[in-house]
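Below is one structure, written out as structure tokens; comments come after it.
The values are calculated or read from the model by the stated rules, or taken from the named source; none is laboratory data. These numbers come from a predicted model, not from an experiment. Quick reminder, even Gly has a Cβ in these numbers, built from the backbone with ideal geometry, and neighbours come from all protein chains shown.
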Ligand code: PLP
């Protein structure tokens, strides 16, 4: 693998040298004081990310705890719903892409789920959500940044609907938290989930779940999934521990990555992500390519991921050739997921990209299309 290979996939994203070095330190026991110090650092920084993700850097939560889990965000999604409706209940799942659908599928293992569905890439129909959410609803699930389409969903408006019905609100902020604005209290979020290998720019394998103090009395106790029992994790976190064996190198990597976020500060980090996503979009538009979906409201475009329609001639078999041509130039991007395969490509700016890397990404796509 060439040294300057550039990962522009929507996770895993490139990790900094000090993150890689932190992971290769000699092993310690997960029950040692050395590990507790790592957990404490990682947790404190990740909590800062959950609570400080505003363009001004102001805090957005009245109180809560960031839990770090041994498992990717799908486990975090399961932790959120499994701890609220572990022994059944009513869930409304908002679905307009692959990850909204995943949240519905996770919830279906535990509860009766009503899906409010729009086409992938189409805006959420708020009237349909309001019709579906009733006083019987226990939980509403929602994806903020739909990674399969590059659409930023209205977490605030759906949060109002959930609050009006007194339902708990769990939000997948997997590809927004750490790179874009995310307001726990203002949006009425009870539990938020993110992944290590996305905008936190850490290695894959861990997720983080933010549990507000308000939601703790609603947790299901013994009906919760065993490995993801949030009350148990909360108790252990008080002494910077986890219930089970921790993935020590990954926690070290996450602590180092999150420390870099702290240095940059969330306000500057959000501004940088917004600039870089706009630069990718503008660059691709300048080549005559169109966004997927094409939106009148630029604020609904993701600030961490750009989805672009492949030109007609590049569809089908040629789409694979296009992706290979990009990879051959030392850059990795992603194609469309599910039925969008062969229709779109996706480029991430999550994490720590430099301006030069953004320019290189645009130029590489242009060169590969011209080939
Ligand atoms: N939610 C969103 C929005 C995602 O983009 C992803 C992964 O890309 C996930 C959930 C699931 O993450 P994982 O596969 O790491 O469990």
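Here is a list of conditions, (1) modelled with pLDDT of 95 or more; (2) more than 20 Å from residue 223 (Cβ to Cβ); (3) more than 15 Å from the ligand (Cβ to nearest atom), and residue 58 meets all of them except one; can you say which number that is?
(1)
Scan region 33-46 and give yes if some residue there is away from the ligand (no atom under 16 Å from the Cβ), in contact with a helix residue (DSSP H, G or I) (Cβ under 6 Å, 6 or more places away or on another chain), closer than 22 Å to residue 172 by Cβ and not in a loop (DSSP other than H, G, I, E, B), otherwise no.
yes
Among the residues of region 205-230, count how many are closer than 17 Å to residue 43 by Cβ, surrounded by fewer than 24 Cβ atoms within 10 Å (Cβ to Cβ) and more than 16 Å from the ligand (Cβ to nearest atom).
Residues flagged as closer than 17 Å to residue 43 by Cβ, surrounded by fewer than 24 Cβ atoms within 10 Å (Cβ to Cβ) and more than 16 Å from the ligand (Cβ to nearest atom) within region 205-230 amount to 3.
If you check residue 202 against the conditions, is it surrounded by fewer than 24 Cβ atoms within 10 Å (Cβ to Cβ) and either within 14 Å of the ligand (Cβ to nearest atom) or free of Cβ contacts under 8 Å to residues at least 40 places away in the same chain (or both)?
No: the conditions fail for residue 202.
Quick check on residue 59: is it touching a helix residue (DSSP H, G or I) at 6+ places or on another chain (Cβ under 9 Å) and at negative phi?
Answer is yes for this residue.
Is it fair to say residue 152 is touching a strand residue (DSSP E or B) at 6+ places or on another chain (Cβ under 8 Å), within 12 Å of the ligand (Cβ to nearest atom), under 30 Å from residue 38 (Cα atoms) and modelled with pLDDT of 95 or more?
Against the criterion (touching a strand residue (DSSP E or B) at 6+ places or on another chain (Cβ under 8 Å), within 12 Å of the ligand (Cβ to nearest atom), under 30 Å from residue 38 (Cα atoms) and modelled with pLDDT of 95 or more), residue 152 does not qualify.
Suppose we keep only residues that are in contact with a strand residue (DSSP E or B) (Cβ under 7 Å, 6 or more places away or on another chain) and outside any helix (DSSP H, G or I) within region 93-112. Which one would you say is nearest to the ligand (Cβ to nearest atom)?
If we take residues in region 93-112 being in contact with a strand residue (DSSP E or B) (Cβ under 7 Å, 6 or more places away or on another chain) and outside any helix (DSSP H, G or I), then 97 is nearest to the ligand (Cβ to nearest atom).
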